[in-house]
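Shown next, in structure tokens, is the structure this report addresses.
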Amino acid sequence: MASTVIAEDLLAFLLAQATITALTTRVHWNHVPEEPTDLYMWFARAGTDQDRTLDQAQGELPRSVSFDVECIGTDPSNVVDLAEAVQGLDCAKGTFGSGTCQLVLIGDESDEYVPRGVYSDEGLHVQVLRLEVIGYAPGTRSSSSPAPTSSSSSSSSSSPESSSPSSVAPDEYPVI
């Protein structure tokens, strides 16, 4: 569940930034829903870093979660402007979507990185960044408020007794 929640909070965090929404409101998590014709941003979870200790509780949230963030468009100057707006969020702290975080770090992606948020060889310009969220704590969510993205659908049953693996999202499978 935490992986879905942090991605939804990252989406909300990015869309809450006036410097980003002044350039585009097309921010996509894991997939781009239609053929791109203008400036957009795509992100996907890249990994986690867990500091482990002997007295750590089982199931504790990771210390940090990394995301690949791609700024993509037809005009190279707009792509660079969007990437600079994202880089301007470096060292952000506090509110992070409906949760909180201790720190957001943003840097360049590896030279070997291959962009994944583009459809084809249409000659789109891409700037790729690595965004790391440190010390994330999810906020409280009401079951009546919709998630900011439709990528993760929930079960139609709302009873707590219906927690069989068939009614649980893929990243929420119970530990056996």
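The values are calculated or read from the model by the stated rules, or taken from the named source; none is laboratory data. What you are looking at is a predicted structure, and each value in this text was computed from that prediction instead of being measured. As a convention, Cβ positions derive from the backbone with ideal geometry for all residues, glycine included, and neighbour counts pool all protein chains shown.
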Could you check, for the range 49-71, whether at least one of its residues is under 24 Å from Ala22 (Cα atoms) and either among the basic types (Lys, Arg) or surrounded by fewer than 18 Cβ atoms within 10 Å (Cβ to Cβ) (or both)? no
Looking only at the range 23-46, and only at residues there that are without any contact (Cβ under 8 Å) to a residue 40 or more places away in the chain and part of a loop (DSSP other than H, G, I, E, B), the one that is surrounded by the most Cβ atoms within 10 Å (Cβ to Cβ): Arg26
Per the filter on the range 60-82, residues more than 19 Å from Asp9 (Cβ to Cβ), of a type in the set (Gly, Ala, Ser) and in contact (Cβ under 8 Å) with a residue 12 or more places away in the chain are Gly73
Hey, among Glu172, Glu84, Glu161, which residue is touching a helix residue (DSSP H, G or I) at 6+ places or on another chain (Cβ under 9 Å), modelled with pLDDT under 95 and not aliphatic (A, V, I, L, M)? Glu172
Within the range 50-124, which strands (runs of 3 or more DSSP E) (wholly inside it) include 3 or more residues that are in contact with a Lys or Arg (Cβ under 7 Å, 6 or more places away or on another chain), more than 25 Å from Val32 (Cα to Cα) and of a type in the set (Gly, Ala, Ser)? none
